[in-house]
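Data first, discussion second: the structure below is written as C-alpha cells.
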Amino acid sequence: MTTQTHMMTSTGRAATSAGLAFSLSAVRLRPLIAVVVASAVLLGVTLGGVIVPADVHLVVLLVAVPALTAAADNTCTTVSMTALACLGVVAVDVDDGLPSSPILPIDVLGLLVVCVLVLVFRRMRDVDHRTLRAVRSVAETAQRALLPPLPCRVAGLEIATAYRSAAAHAHIGGDVYAAERVDRTVRMLIGDVRGNGLAAVDDAAAVIGAFREAAHRDVRLEHVALALDAGVRRRVDQAGQTDSNAAERFITALVLEIPDDSHVVHVISCGHPDLMRSHGTDVDLLEVPQPAPPLGLGGDQAAYQVNTFGFEPEDTLLLHTDGLLETRDAAGVFYPALDRFALLAEDEPQYLIERLMSDLTVHAGGEVQDDVAMVAVRRRAAPPTEGADEDGHHPSPFTTEFGSWPA
C-alpha cells in the first residue's frame, strides 16, 4: 500500500512538472513554428504557382503567409515574410504572363492589407496583455495581504501551508488560515467559509482580521473563539442589509494554541473537521467530543470547550478544510486523507503538504472542485539555540514566500 501511494504521488508530481514544462516549451516554440509554417507555405505556393498551368492561380494563397506570422511576437518577422510573399507573387504572376495585368497589384495589395491587419491586431493584443499583467500583479498583492504566508519556522515549530482555490487563477477563496505569536505560545486558526471561491473572500478576510486582533487581546483561548463568533455575527448583520441570504453565512473553524514549554496542543472546534496527528508510526484523529457551533451561529462561552492533546517532539499536526475530505475520484470515492497522511507523515512538513496536494489532484482527476487549505505543524526535537537562523525557507509550488517571527 505504501509503495502504491508513493508511486501515485510521484506520478502526480512528475505529470504536473512535465505538463508545466511542456506548456512553457510550447509557448517558446510557437513563434518559431509560425515562421517555419509560413516559410513552408511561401515556398510551396510559389513553386506550385510556377509549375501548374497559368489558368490555375495559386498565388492568392500567399495571403496566408503574413496571417501565419500573427503567432510571432516580432513585427520585423511579419514585415519580412510579407516582403518575401510579395516577391513570390511577382514571380508567379510574371511566370503566368501577368506582369502588366491589374491582377498583379491587386495580389500585392491583398498581402499588404493582411500584413497591416496582423500588425494592428498584434498591437491591440500586446496592450491587453500588459493590462492583464498589471491587473494580475495587483490581484496577487491583494491576495497575499489578505492571506499572507505563514513563517516556516517559529520557536520550536516547523510550519508548511498549501492552498488551492476553487476559482481559476485565484490564490485565495473561502478557506483561511492564520497564526500569531503571543508571548510564549503560538495561536493558530484554520477555517472554512460557507461557499467557495471568490464569493467567500469577503467573509474570509473578516475572520482573519478578527483572529489577528483577538489572538493578542484575549488571554484565554475560549475568549478568542467568542470574539471570532461575535465578529462573524457582526459581519452577517451588516451583510443582511443588502443580502437576503446573509443569515445562512457561517464559518467552521479550529482555534489552536501551542505553548512553548508544554508538549500539548489546546484545541477548540467550531464545527470543523478534526485535525490529524502523527506520533512515531501512529496516526490518529484528534477528535473533539463536543464541538461548538460554527462561527456566526451564536455559541455562548460554555460551548467553546478547550480540548488538550499531546504534541510531542517530532509529532506532526495536519490542519485542513473539508475540501481534503470531500474530494471524490471518477468513481465517487472520497479521498482517503488519513491513510495518505499516514504514508507521508514522516516527510518534512513542506514536502508532506506538497505531496498531499499533488496526490489529491491526481485522485480528483486533475481538477479539485472545492477550496482546499492544509497546514502542517511539526514540533522540533529541541528548541533552537540562541542566535540560530529562524528564517529557513522551503519553496514549494504552493507557498514560496515566508515571513520570520522571533522565537
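The values are calculated or read from the model by the stated rules, or taken from the named source; none is laboratory data. The shown structure was predicted, so the numbers you read here are calculated from the model rather than taken from an experiment. Here the Cβ positions follow ideal geometry from the backbone for every residue, glycine too, while neighbour counts run over all protein chains shown. The protein model used for the area step is the full one, side chains on, heavy atoms only, and it has no ligands, DNA or RNA in it. Shrake-Rupley method; radii C 1.70, N 1.55, O 1.52, S 1.80 Å.
Give me the percent of the accessible area of the stretch 85-191 that comes from carbon and sulfur atoms, probe 1.4 Å, all protein chains in place. Walk me through the numbers on the way to the answer.
On the way: 3440 of 5150 Å².
Here it works out to 67 percent.
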Item to complete: Name the residues whose placed amide hydrogens come within less than 5 Å of the amide hydrogen of PHE250, ignoring near sequence neighbours (fewer than 5 apart) on the same chain.
Response: ARG194
Worksheet item: How far apart, in nm, are two points set 7 Å out from the Cα along the Cα-to-Cβ line at ASP260 and at ARG123?
Response: 6.3 nm
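Given R₀ = 35 Å, FRET efficiency for ILE51-ASN74 by Cβ-Cβ distance, to 0.05? Walk me through the intermediate numbers first.
Numbers: r = 32 Å, r/R0 = 0.91.
Taking R0 as 35 Å, the efficiency between ILE51 and ASN74 is 0.65.
In square angstrom, what is the accessible area per residue of the stretch 96-232 with a 1.4 angstrom probe? Intermediate results must be reported in sequence, preceding the final value.
Numbers: 6400 Å² over 137 residues.
Ligands and nucleic acids excluded, the figure is 47 Å² per residue.
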Response to the item:
In the stretch 267-347 the accessible area split gives carbon plus sulfur, as whole percent at 1.4 Å, a share of 48 percent
Worksheet, complete the sentence: Lys and Arg at +1, Asp and Glu at -1: neighbours of MET81 with Cβ under 14 Å from its Cβ sum to 0
